[in-house]
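Peer 1: Structure in structure tokens, see below.
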Amino acid sequence: MFFFPFLKLSCFFPAFPFTNLTAWGIMNYHPISYERREPMRRTCLLFLGGLFLLLSACAPNPSDGTEDSRTQIVATTYPVYLFACEVTRGVPDCTVTLMIDQPIGCLHDYTLTVKDMKALERADIIVCNGAGLEESMESALETVGDTPQIDCAQGIPLLEGEDAGHHHEGGILPAGHEHEADAHIWMDPLRACSMLENLAGGLSQLDPDHAALYATNARLAREQLTQAYDLMKTSLESLSCRELITFHDGFSYFADAFDLTILRAMEEEAGSEASAREVADIVAEIRLHQLPAIFTEVNGADATAQMIHRECGVPIFSLDLMMSDHGQDPGIAAYLAMLQTNVNTLREAYA
């Protein structure tokens with residue numbers, strides 16, 4: 001690098017008028033007057049300095065190998081990322097990464113990015129929600145089939161998924177049955193306890209040296225969840241109404257956990273609106289059940305909800321499907337904070 005002043009500029013600019021001279025020679029070329037030589041000297045020095053910075057930036061940085069030696073756990077969604085951070089708390093040489101780190105309402109129509117694919121390729125362990133939620137990325141997960149994958153939904157009783165009519169029937173599917181199952185199991189704090197147990201069990205099999213710590217972390221987190229759930233459920237006992245109309249089909253487990261009934265769950269696509277007939281049917285249902293409010297999802301479309309609000313004046317409130325980071329420290333406390341926000345929203349809407 002210290003010999004740049006003696007490099008021939010013809011290496012970089014073949015058409016340069018002084019192709020037979022070095023950069024140093026150009027700066028000192030005697031036929032040019034001092035007044036003309038000084039600006040050229042400064043120009044050449046700036047050029048050579050910039051070239052040095054460019055080549056330095058392209059050079060590989062030395063690595064101590066610390067990052068590669070750590071166990072890389074990649075979580076497909078934000079809820080299982082929070083659970084994985086909690087279960088691995090205090091485990092040495094372990095890193096948990098969230099694959100999808102942008103605001104989304106659901107994975108159904110999500111398209112994996114190059115960044116997402118690279119995260120999967122670097123993973124030593126992949127933590128999935130399961131129950132069919134990652135169906136849209138199934139082919140990507142197959143490409144890293146040799147990487148261990150933990151299914152957090154294993155053995156958890158599932159609710160029947162919403163069909164084309166979007167009416168919640170409340171049916172329970174047999175454990176492990178994923179056909180047309182509702183995958184939003186984290187919305188029920190008791191089912192979330194089972195997800196934590198599955199996660200700790202899977203990690204213990206892959207890393208038996210830290211099995212006791214995984215089990216302890218999961219147990220403490222489950223205790224926090226059950227205690228908070230009891231308080232939340234008690235706080236909702238005085239609601240003026242226990243029936244909901246939502247504009248997202250992901251709140252069935254939340255309703256099931258807190259003894260609520262979803263009359264209608266409409267999955268609205270961005271850029272589309274319900275027909276006049278659908279709007280009329282929803283307005284009639286609102287009036288029949290005297291609903292004090294309707295509910296959208298914080299990251300979801302609300303065009304139809306706004307139409308209904310204009311039609312009958314019913315207020316609109318937003319519930320959180322907990323699929324996006326809100327800037328909290330990852331762990332069970334962040335999960336409980338979002339769950340509590342939903343409870344508070346219900347209490348405000350149905351006071």
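The values are calculated or read from the model by the stated rules, or taken from the named source; none is laboratory data. Bear in mind that the values here come from a model prediction, so they are computed numbers and not experimental data. Please note: Cβ atoms are built from the backbone with ideal geometry, for glycine as well, and neighbour counts cover all protein chains shown.
Peer 1: Would you check if there is a residue in the stretch 187-207 being modelled with pLDDT of 95 or more, loosely packed, with under 15 Cβ neighbours inside 10 Å and more than 25 Å from the chain's Cα centre (by Cα)?
Peer 2: The answer is yes, given that some residue of the stretch 187-207 is modelled with pLDDT of 95 or more, loosely packed, with under 15 Cβ neighbours inside 10 Å and more than 25 Å from the chain's Cα centre (by Cα).
Peer 1: Considering 256, 320, which residue is under 22 Å from residue 235 (Cα atoms), modelled with pLDDT of 95 or more and touching a strand residue (DSSP E or B) at 6+ places or on another chain (Cβ under 7 Å)?
Peer 2: Just a single option satisfies the conditions, and that option is 256.
Peer 1: Among the numbered criteria (1) out of contact with any helix residue (DSSP H, G or I) (no Cβ under 9 Å at 6 or more places or on another chain); (2) aliphatic (A, V, I, L, M); (3) surrounded by fewer than 18 Cβ atoms within 10 Å (Cβ to Cβ); (4) within 17 Å of residue 251 (Cβ to Cβ), which single criterion is violated by residue 301?
Peer 2: Failed condition: (3).
Peer 1: Okay, moving on. Please state which one of 231, 236, 244, 260 is of a type outside the set (Gly, Ala, Ser) and closer than 30 Å to residue 200 by Cα.
Peer 2: Numbers: 236 fails: closer than 30 Å to residue 200 by Cα; 244 fails: closer than 30 Å to residue 200 by Cα; 260 fails: closer than 30 Å to residue 200 by Cα.
Going through 231, 236, 244, 260 in turn, the sole match is 231.
Peer 1: Could you run through the stretch 237-275 and say how many residues are under 25 Å from the mean Cα position of the chain (by Cα) and surrounded by fewer than 17 Cβ atoms within 10 Å (Cβ to Cβ)?
Peer 2: Total meeting the criteria: 4.
Peer 1: Are any residues in the stretch 254-300 small (Gly, Ala, Ser) and within 30 Å of residue 325 (Cβ to Cβ), and if so, which ones? Write out each step before concluding.
Peer 2: In the first step, residues of the stretch 254-300 are kept if they are small (Gly, Ala, Ser); the result is 255, 257, 265, 270-272, 274-276, 280, 284, 293, 300.
Result: 255, 257, 265, 270, 271, 272, 293, 300.
Peer 1: Another one. Would you mind telling me which numbered condition in (1) modelled with pLDDT of 95 or more; (2) small (Gly, Ala, Ser); (3) more than 25 Å from residue 266 (Cβ to Cβ) residue 145 fails?
Peer 2: (1)
Peer 1: For the subset of the stretch 305-330 comprising residues that are closer than 15 Å to residue 80 by Cβ and surrounded by fewer than 20 Cβ atoms within 10 Å (Cβ to Cβ), which member is farthest from the chain's Cα centre (by Cα)? First the steps, then the outcome.
Peer 2: Going residue by residue through the stretch 305-330, those that are closer than 15 Å to residue 80 by Cβ are 321-325, 330.
Now restrict to residues that are surrounded by fewer than 20 Cβ atoms within 10 Å (Cβ to Cβ): 324-325, 330.
Numbers: 324: 5, 325: 7, 330: 12 Å.
Among those residues, the one meeting the criterion is 330.
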